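Only one structure is covered here, and it is reproduced in the block below.
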Amino acid sequence: MTRRSMKSSARRGFTLIEVLVVIGVVLLLMTISVAAGRAVIGGQKGKVTQSLLNTLDRALEEYITVNNGVIPAYVDTAYDMVPGPFLSPGVDNVYSEGGDSLAFTMFNGRAYPRFPDASVFLKQAKGTGVVDEIIGGIPESSLAITRGEENANLGDQDLTPSVIDAWGSKDWDAPWYTLDQQLILYVHPTNQLAQNLYGRCVNGRPYFLSAGPDKVYGNWVEMQNFGTLTEQERRQAVQDALKDNLMSSPVAPLDTANLTSDFNSTYRNR
């Protein structure tokens, strides 16, 4: 082999296999970077949401302190016009008033809101001690007017905002269906349905709830494919949805693996 041939051989390009290996390594590194970036962003959103829940919990604690240990009363009519998934009036288990579907469900002989909006607590606690100051610490970007002037024809002028978690949409628009948004919910110990759906209150104390990064609370209304699942698969779907929910305080978890009549009456898609 001549000296020129040796130099030419030394300067040869990559083979196809070598190029494919390099591309594969680059794609793998990109995938790892994207996954790591999503994890960081998800972690940040989790911290932001937990901070919102903690702020609401401090406001609740202030309310309880000022009222000598008495928690806010549960008034179901306060949830009229609270945003919820659209359901046609007259459908089984839907409480309807004035021609508007309010997404209430019958449970144990009483109607309860499936998605109890935290705005109900904000309105009730307003002006109690330093509650307004605490709530004032919530960023404007996490607040949304969901009932008010836009609903004037429905007779509701309540401008108390709902609280949206860090996974919520910033371009949410009327009619504010809960399935299109990440509202922070307010679970009261008198609201038996909410406790049966999301987790039971500890020591008779309300708590606040975020659906977390999967944007699913665990409510049967969200499980669109329930009609095609077995009962065991339905239970698993609920368990998976509940896993990443964030709460403002400890919650007694649901024993979804052993639900019988409660499961059939609460979770199944009717």
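The calculated FRET efficiency for Q236 paired with V26, based on their beta-carbon distance and R0 = 41 Å, is about 0.60. Taking 0.36 nm per residue of separation and subtracting the Cα-Cα distance, full extension of the segment from D180 to T77 would add 34.8 nm. Fully extending the segment from Q44 to S249, taken as 0.36 nm per residue of separation minus the present Cα-Cα distance, adds 71.8 nm.
Just so you know, all these numbers are worked out from the coordinates, no wet-lab data involved. These numbers were taken from a predicted model, which means no experiment stands behind them. Neighbour counts are summed over all protein chains in view; Cβ atoms, including those assigned to glycine, are modelled from backbone coordinates with ideal geometry.
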